Amino acid sequence: GLQLTPIDGDVEQAKFDLELTIHEEADELHAALSYKTELFDRETIARMAVHFERLLSAAIAAPHQRVAALAMLDDAERRQLLVDWNTPQAEESPNCTWQALFEMQVRSTPRRTAVVFDGESLDYATLNDRANRLARRLQHARVGPDTLVALCVARSLEMLVGLIAILKAGGAYVPIDPTHPQERIAQVLDDARPIVVLTQQHLLERLPAIDVPTFLLDGEDSSGPHESVENPGHTATPANLAYVIYTSGSTGKPKGVGVSHASLVNFAAILSRQIYTGDHLQLTQNAPYVFDMSLKHISMLSRGHTLHVLKEEIRLDPEAMLAYFRANRIDGFECTPSQWNLLVESLSASDDVAKCLPAQVLLGGEAIDAQHWKQWKELPGTRMFNMYGPTEATIDCTLCEMTGQPLPTIGQPVSNCQVFLLDPELNPVPIGVAGELYIAGAGLARGYWNRPDATAEKFLVNPHSAAPGARMYRSGDLARYRSDGTIEYMGRADDQVKVRGFRIELGDIEAAITALPTVRQTIVVARERGKGDKRLIAYVVCEDSSVIRDAATLRNLLLRSLPLYMVPAKFVFLDRMPLTVNGKVDRKALPDEGVADDVERRYRAPSNQTERDLAAIWEEVLELEQVGTQDNFFEIGGHSLLATKIIVRARDRIGVNIPILRLFETPTISGLAAYVALSQQIIGDAGFAAGEQETEREDMEL
């Protein structure tokens, strides 16, 4: 039944993805572009042809000019890219500090619940009173504008009291994660040079020895019980620092990003204008407070909303998180795409999705793949927002509501922020062409703490602004404009990576590994394993294999200096690094980590009930058919987010709390089973509660 009709004449068909042909005809050059229609649309090719013609005209007009300096864009295009697509300028943000706005909110809603944590809560007036007492105590200790106070606390109500008190005293807070290795904490304290450290009694042993006054947030004396509850005088200005957050550094040492009150106040105004327009919303504080994502909702205390500080046990357990959402009718939740994926996967077929998930979800910290984008934007009852921004741009600088966007995009600049996609000459790139992303405007950080060289390298004079002293931040991210003005993220221009939302400089890890005994050379790469799961792989050359015998030895050594999220999931030992003809490491020639084991993995079956229970849990979480007792959790696909699921399910099924660090130190079923046996022996007749105390004690020892 098929009928064929011959086509007369030649049929144009592109032989390559894109082909330019030129022929001479009557003293003229005639050009044609052939292209594959599955890769390009006609609009893109037509625009490319115009740019090419304009480039040739510019070359004729200035034959001695470098090609890179020739202009392809006309004035209208330049205005569109630099001005028209950077127009969402709102009314000026309040010219005051964040704490001034918070105090105004206290006067407006003194008895409204401000903070909730583990069944306890503080209203706005009580939170303000407690912060005022501590703030006056800090002022007596010489805390004032642009002085730093380290805040090393566990998730608690005291965390918010301490943070607000530092700002009220006029200082800037430096968040420090108490779970980080002591060596890492010492690096931050040595660089920040805080004049006071705020902490809690049970965390004192986590701090290195320092000659700095230490106030205990859970001690009566440090909270200033005899101090006045009146608001202390405002000593800080909008230009003064509000916080300094440390990020991974390419030289092997973390670097601090200093952000002013003006930038923080502007971001709070952005959220209120563009997302949280309602009154008295229930918002979460999910992200660790050592990352600026945590300020998304902490900043909303200046707008009268209620902040739910999620317990560690809840935020690490997807089922417990969903139960908390259902019980508390959460309006706003912030997290990374990796964590959100775990939550969505934990929904059961019988769940009413609209009642289980928050009304509005703010995703950030890492890119979203097309498959998850399509799935998440159609979740009923939930508005999904993809937000992008480095710490240097005060949390986020672009925003995209995912509904209506068929493919992943980071959206458009938020209010009072400008984004430029530029070439190496700092000229705007055409639509559809990749350029490096630069950020300017009210959200720009002041720079790096005590690092004028790094500040000068990344914070440049803005050639596209007429304002005197205007700056822009060079992000190192690559992106391109779509024809509708939205921005498509395309990766990095350097070795910085994002792994499950954590910003990591690979040089930071390489420096830590190379500093270990007998390690001669190290290369660390980030590899994608599917479903957006990225993990770190370290290739290591050792001079003496008797010192660092295997991956477990190397991992345990690194846990002394690096946070858990920076410890590679896989270590590959090489006799030498592959080199290019120029003598540089040939990264493309590095062996695949899956086939680089020294010995073939042999399956060892579980030998007792505990090992069988643990093996079943690992097979469920890692989605594997079979796991042996000697298989390494990280080498068969595990990472920190999945580790939390292992710990939660082991607690529920076996009845023992396994510290997450134990899994990192002994990442095999046989090792964990031995720990469980020891814990059950210690628990004895005292019951499960005593076991919880014992594991908490071991956590502190680790």
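Taking 0.36 nm per residue of separation and subtracting the current Cα-Cα distance, fully stretching the chain between D218 and K36 would add 58.9 nm.
Can you tell me the length gained on complete extension of the stretch D279 to A141, counting 0.36 nm per residue apart and subtracting the Cα distance?
On the way: separation 138, 0.36 × 138 = 49.68 nm, distance 3.77 nm.
45.9 nm is the gain from fully extending D279 to A141.
Can you tell me the relative contact order of segment 458-558? Whole percent, Cα pairs under 8 Å, sequence separation 6 or more.
15
What relative contact order, as a whole-number percentage, does segment 1-156 give when Cα pairs under 8 Å and 6 or more residues apart are counted?
Values: 79 pairs, mean separation 13.9, N = 156.
So the answer I get is 9 percent.
Taking a point 7 Å out from the Cα of F16 in the direction of its Cβ, the residues of segment 32-68 whose backbone N falls within less than 11 Å of it are 34. Across the protein chains, with a 1.4 Å probe defining accessible surface, the residues K374, K534 rank K374, K534 from largest area downward.
Looking at the chain, the DSSP beta bridges with both ends there are about 65 percent antiparallel. Close amide H contacts of K311 (hydrogens built in the peptide plane, cut-off under 5 Å, sequence separation of 5 or more or a different chain): D118. In percent, rounded to a whole number, the relative contact order of the chain is 9, using alpha-carbon pairs under 8 Å and six or more apart.
Within the accessible area of segment 192-344, the carbon and sulfur atoms contribute 51%, probe 1.4 Å, all protein chains present.
Under 5 Å from the amide H of L151 lie the amide H atoms of V174, I176, L198, each residue being 5 or more positions distant or on a separate chain, with H modelled from the backbone and absent for Pro and chain starts. Candidates (i) 50, 26, 22; (ii) 43, 33, 26; (iii) 44, 36, 26; which is the computed semi-axes √(5λ) of the Cα gyration tensor in Å? So the calculated entry is the one marked (iii). Once the Cα-Cα distance is subtracted from the 0.36 nm per residue extended length, the S545 to A674 segment shows a gain of 43.7 nm.
Amide H to amide H distances under 5 Å link G628 with R604, where only residues 5 or more positions off or on other chains count and H is placed in the peptide plane. In order along segment 130-146, phi translates into HN-Hα couplings of 5, 5, 5, 4, 5, 4, 5, 5, 5, 5, 4, 8, 6, 6, x, x, 6 Hz, rounded to whole numbers, per the Karplus curve 6.51 cos²θ - 1.76 cosθ + 1.60 with θ = phi - 60° and x for Gly and Pro.
Remark: segment 38-45, residue by residue, has Karplus-estimated 3J(HN,Hα) of 7, 9, 10, 9, 4, 4, 5, 5 Hz, where x stands for each Gly or Pro and the curve is 6.51 cos²θ - 1.76 cosθ + 1.60 at θ = phi - 60°.
Here the Karplus relation 6.51 cos²θ - 1.76 cosθ + 1.60, evaluated at θ = phi - 60°, turns the backbone of segment 321-327 into coupling constants of 5, 4, 5, 5, 4, 5, 6 Hz, with x for every Gly and Pro.
With 18 Å as the limit, write out which pairs from K458/K588; K255/K534; K296/K374; K15/K36 have Cα-Cα distances beyond it, or answer none. Don't jump to the answer; show the numbers that get you there.
Numbers: K458/K588 29 Å; K255/K534 24 Å; K296/K374 25 Å; K15/K36 8 Å.
Flagged as over cut-off: K458/K588; K255/K534; K296/K374.
The values are calculated or read from the model by the stated rules, or taken from the named source; none is laboratory data. Every value quoted in this text rests on a predicted model; they were computed, and no experiment measured them. Cβ atoms come from the backbone with ideal geometry, glycine included; neighbour counts cover every protein chain shown. Keep in mind that these areas ignore ligands, DNA and RNA; they rest on the heavy atoms of the full protein, side chains included. Shrake-Rupley method; radii C 1.70, N 1.55, O 1.52, S 1.80 Å.
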